[in-house]
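*Asks:* Here it is: the structure, laid out below.
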Amino acid sequence: MENFKKTNINDFIDATSQTKTKSLLSSSFGWMFLALGISATFSVLFGLNESLMTYLYNVNVETGRASLSILGWVVMFAPLGFVLAMSFGWQKFSFPVLLGLFVAYSAVNGISLSFIFIAYKIGTIYKVFASTAVLFGVMALLGATTKTDLSKMGSFLMMALFGIVIASLINMFTHSPMMDYIISIVGVIVFTGLTAYDVQKIKNMEHEFEGEGRAKVGLMGALSLYLDFINLFLMLLRLFGRRD
């Protein structure tokens, strides 16, 4: 009883705050892992099944060249539509609708990722995925534990991200191997930093929402972490992947 009287009330407040923070972070990571599992399932299902892949592209019998089918084009661009819809409409959508969009996006994006099984050796894909998981985990831990404010770094990384997008669009026409290499290196740096930044951002948003709003914040946090992981994986694959 004597020890209880001497206990500072702020200790209880800090403990409660940490519990809530862990709950929000665990929610975001839980949804992220679900999305990665869905994407991996659909990616492997299509990538290793030639009969399913034929729905995504057409082969010209005379030239032997392959081109995307209508479904292939839909699969390539639909993920961007899902991300934009969730990013701009998450406050208006109910949680079930937002979750449905998130799951659908994970599946469609998984199908779009199946093309990597055509371009790269399977062993390389698995090794790069494992390396991505380790690097992502380290940066996520850093973002969750550091006391340094990463908001300024986040602003710089977002500007760099826009630069990567513009450079990638330009390189679609120039097809420069050197430019592709530079974009990949910068991309690894940017998405590594964004991982730590997004984790800290989720942690700092703990007390801003309650109820369904809190659940939706956790889901949108998962979307950010998912995008960080997938883009980091693709950048590393472009750098170190052995083409088939």
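*Asks:* Go through the stretch 34-62 and give me each residue that's surrounded by fewer than 19 Cβ atoms within 10 Å (Cβ to Cβ) and within 25 Å of LEU219 (Cα to Cα).
*Replies:* LEU34, GLY37, ALA40, THR41, VAL44, listed by residue number.
*Asks:* Among the residues of the stretch 57-99, which ones are over 27 Å from TRP31 (Cβ atoms), of a type outside the set (Val, Ile, Thr) and not in a helix (DSSP H, G or I)?
*Replies:* TYR57, ASN58, ASN60, GLU62, GLY64, ARG65, ALA66, SER67, LEU68, SER69
*Asks:* Among the listed residues ILE182, ILE189, ILE170, ILE164, identify the single one that is in contact with a helix residue (DSSP H, G or I) (Cβ under 9 Å, 6 or more places away or on another chain), of a type in the set (Val, Ile, Thr) and either surrounded by 18 or more Cβ atoms within 10 Å (Cβ to Cβ) or at pLDDT below 90 (or both).
*Replies:* Going through ILE182, ILE189, ILE170, ILE164 in turn, just one is in contact with a helix residue (DSSP H, G or I) (Cβ under 9 Å, 6 or more places away or on another chain), of a type in the set (Val, Ile, Thr) and either surrounded by 18 or more Cβ atoms within 10 Å (Cβ to Cβ) or at pLDDT below 90 (or both): ILE164.
*Asks:* Going through ILE189, ILE202 one at a time, which residue ends up being more than 23 Å from SER23 (Cα to Cα), among the β-branched types (Val, Ile, Thr) and part of a helix (DSSP H, G or I)?
*Replies:* ILE189
*Asks:* Let me ask another. Of everything in the stretch 186-244, what is within 26 Å of ALA160 (Cβ to Cβ) and acidic (Asp, Glu)? Give them in sequence order.
*Replies:* Correct list: ASP198, ASP228.
Here's the yes/no breakdown for (1) surrounded by fewer than 20 Cβ atoms within 10 Å (Cβ to Cβ); (2) at pLDDT below 95:
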site: ILE202; (1), (2): no, yes
site: PHE209; (1), (2): yes, yes
site: LEU223; (1), (2): no, no
site: LEU227; (1), (2): yes, no
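*Asks:* A follow-up question, please. Tell me which residues, restricted to the stretch 80-115, are out of contact with any helix residue (DSSP H, G or I) (no Cβ under 6 Å at 6 or more places or on another chain), β-branched (Val, Ile, Thr) and closer than 30 Å to ASN49 by Cα.
*Replies:* If the condition is that a residue be out of contact with any helix residue (DSSP H, G or I) (no Cβ under 6 Å at 6 or more places or on another chain), β-branched (Val, Ile, Thr) and closer than 30 Å to ASN49 by Cα, then VAL83, VAL103 are the ones that fit.
*Asks:* Run down LEU101, LEU68 and say which single residue is of a type outside the set (Gly, Ala, Ser), more than 20 Å from the chain's Cα centre (by Cα) and surrounded by 12 or more Cβ atoms within 10 Å (Cβ to Cβ).
*Replies:* Result of the check over LEU101, LEU68: LEU68.
*Asks:* What are the pairs, 6+ residues apart or on separate chains, where a residue within the stretch 68-84 that is in contact (Cβ under 8 Å) with a residue 12 or more places away in the chain and under 16 Å from LEU101 (Cα atoms) has its Cβ under 8 Å from a residue that is assigned to a helix (DSSP H, G or I) and among the small types (Gly, Ala, Ser)?
*Replies:* Listed by first residue and then by second, the contacts come to VAL75/SER112; ALA78/SER112; PRO79/SER112; PHE82/ALA104.
The values are calculated or read from the model by the stated rules, or taken from the named source; none is laboratory data. These figures come from a predicted structure and were not determined experimentally. Note that each Cβ is placed from the backbone with ideal geometry, even for glycine, and that neighbours are counted across all protein chains shown.
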